[in-house]
Structures are given as C-alpha cells and as structure tokens.
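The structure appears right after this line, and notes come after that.
The values are calculated or read from the model by the stated rules, or taken from the named source; none is laboratory data. The shown structure was predicted, so the numbers you read here are calculated from the model rather than taken from an experiment. Ideal geometry is used to build each Cβ from the backbone, glycine not excepted, and the neighbour counts take in all protein chains shown. Quick note on the areas: whole protein, heavy atoms, side chains included, nothing else; ligands and nucleic acids left out. Shrake-Rupley method; radii C 1.70, N 1.55, O 1.52, S 1.80 Å.
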Amino acid sequence: MRISIAIVEDEKNYNNALKKVINYQDDMTVAAQFFDGNDALKNLPDVAPDVVMMDIQLQDMLGIEIIEKLRKKMPETQFIMCTSFEDDEKIFNSLKAGAMGYLIKGESMDKILSSIRDVYNGGAPMSLSIARKVLSHFEKKLPDTKNFDELTEREKEILELLSHGLLYKEIADRKFISIDTVKKHVGNIYRKLHVSNKVEAINKFNNFKN
C-alpha cells in the first residue's frame, strides 16, 4: 500500500519538484497538490492523505492555521512543516498546532522522502538545526524544577499562599510571623526562582504543579 501525500506549497516550482520526486517512489504517491491555503483548507479533508507536506508562509494564510483548523477533522493525517523559517516561535507554534515534523527547504530530497516514511510510521522527523532548537528549549526548562526544589518548606508555603492571592499582611497573620519576615522569604523566592516579580513567581509555581 502506497503512502498518500498532499503538498501545500505556493511556490509552484518547488511544489512540482516535490510531486515529481515523490511519485517516482514505489511506496508513495501524491494524492493532491495545493498552491494556496484556502484551497487546501477546503479540500484536504476530502482527500484525507496519510501525510501533508505543509508550507508555513502561504500567500493567503499561515500553514499553522490550516493545521489548527483541520487537526480534529483529520486525526489519521500526519503534517510535516517544510519551510525556510527557523525562528523559535514558528517552530513551537507548529508543533503545538499538531505538526509531527519540521523540515527546512534546503534539505535533500532523500531526507524529505525518509521523513515522509518516518512520520507515516509514527516518527517525528526534524532537520538537525530544528531538533537542536527543540532540545535547547527543553534544557532551558529543566532548571525550573531544580530551582523550585531549592526553596525551603516555609518558602513553598508562602509561595502557595501568594498564588491564592493573599497579601503580605494576611500571610504574616496566618503564619504568625512579621511582614518583614514575609518580605524576606519572598525575596529569597525571587532569587532562587530567577524571577523579578510576584506574577513570574506564581507562574513558575503553577507550571511546576502542572
């Protein structure tokens, strides 16, 4: 059984080049080509391909928007972003929208073909530079937990009370300590969590709990 693929790409030469190479393979076929977002949005559900090669920056809309709108209608279809953009926001918005792969257009056709097979078989193919950005993003997230573990039990208690909207005086009364002691604990919390205000501290606390 051949892997059916739809190509959503407004650069016609690249779209046609992808189609030609894909159709040359014994195990895959191009089921549809789309050269603008609206056409893809309207017709992709009827085509229901196994894999969609999706350009991010189409002339009439973002490919990310198409995935967001079609993901629930097409649960069996896997989306691969194929684009010239490498900025963090587009990468993570694509992944959050439901894309399972992210390739840079400069990749070789061999890499693109292997990525189609990979995503069809449950993988998450990415260009090396993109994979490094994703790993770096999560490495930056890791210290949050370690920083939280550095808090004393009293500091954790005060941070939780702050997250419930209590004022310094209310926290002082509840814990039978002075307002100055509360302020000192809060200062330590900010320093250990590497934040500069209450909102950032509470956000980190909530993220840790989740």
Inset, instruction - Subtract the Cα-Cα distance of residue 190 and residue 128 from 0.36 nm times their separation in residues, and report this length gain in nm to one decimal. - result: 18.7 nm
Inset, instruction - Could you tell me the accessible area of residue 109 in Å² (1.4 Å probe, neighbours in place), rounded to the nearest ten? - result: 60
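Got a number for carbon plus sulfur as a percent of the range 1-136's accessible area, 1.4 Å probe?
Details: 3270 of 6740 Å².
Roughly 49 percent, rounded to a whole number.
Can you give me the relative contact order of the chain as a percent, contacts being Cα pairs under 8 Å and 6 or more apart?
Numbers: 279 pairs, mean separation 28.5, N = 210.
Averaging sequence separation for qualifying contacts and normalising by length gives 14 percent for the chain.
Give the shape of the range 23-139 as rounded, prolate or oblate, defined through the alpha-carbon gyration tensor: a ≥ b ≥ c are the square roots of its eigenvalues, a/c under 1.5 means rounded, and otherwise the shape is prolate if a/b is larger than b/c and oblate if not.
Details: a/c = 1.58, a/b = 1.19, b/c = 1.33.
It is oblate, given that a/c is not under 1.5 and a/b is not larger than b/c.
Rank 9, 160, 150, 107 by accessible area, highest first, at a 1.4 Å probe radius?
Numbers: 9 5, 160 75, 150 100, 107 55 Å².
If we order 9, 160, 150, 107 from most to least accessible, we get 150, 160, 107, 9.
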Legend entry - Largest to smallest accessible area among 41, 18 [probe 1.4 Å]: 41, 18
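Between residue 17 and residue 181, what is 0.36 nm times their sequence separation minus the Cα-Cα distance? Round to one decimal in nm. Could the numbers behind the result be given before it?
Details: separation 164, 0.36 × 164 = 59.04 nm, distance 6.81 nm.
Answer, rounded to one decimal: 52.2 nm.
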Legend entry - Spin-label pair residue 167/residue 85, simplified geometry with 7 Å Cα→Cβ offset, distance in nm: 4.6
Inset, instruction - Let me have the 222 nm mean residue ellipticity of the chain computed from DSSP H runs of 4+ only, each contributing -39500 (n - 2.57), with the sum over all residues rounded to the nearest 500. - result: -18000 deg cm²/dmol
Legend entry - Solvent accessible area, Å² - residue 76, 1.4 Å probe, full protein context: 150
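Where in the chain are the DSSP H helices whose C-alpha atoms run 18 Å or more along the long axis and whose mean Kyte hydropathy is at least 1.6? Walk me through the numbers before you get to the answer.
Details: long enough: 128-149 (33 Å, -0.62); 179-193 (21 Å, -0.51).
Qualifying helices: none.
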Legend entry - Length-normalised contact order of the range 1-119 in % [C-alpha pairs under 8 Å, at least 6 apart]: 24
Legend entry - Heavy atoms of residue 154 accessible to a 1.4 Å probe, total area in Å² rounded to 10: 80
Legend entry - Read-out P(r) over Cα pairs in 10 Å bins from 0, in percent, derived from the coordinates shown; its label in (i) 9, 33, 30, 18, 9, 2; (ii) 8, 29, 21, 12, 14, 11, 4, 1; (iii) 8, 35, 39, 16, 2, 0: (ii)
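DSSP loop (so not H, G, I, E, B), at most 12 other Cβ within 10 Å: list which chymotrypsin sites (Phe, Trp or Tyr not before Pro) in the range 1-66 pass both filters. Present the calculation step by step, with values, prior to reporting the outcome.
Numbers: sites: 14, 24, 34, 35; in loops: 24, 35.
Listed in order of number, the matching sites are 24.
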Inset, instruction - Give me the accessible area per residue for the chain, probe 1.4 Å, as a whole number in Å². - result: 56
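Got a sec? What order do 100, 81 fall in by accessible area at 1.4 Å, biggest, i.e. largest, first? Could you put the intermediate results ahead of the total?
On the way: 100 70, 81 0 Å².
My answer, sorted largest first, is 100, 81.
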Legend entry - For the range 1-44 versus the range 70-101, the gap between their alpha-carbon centres in whole angstrom: 16
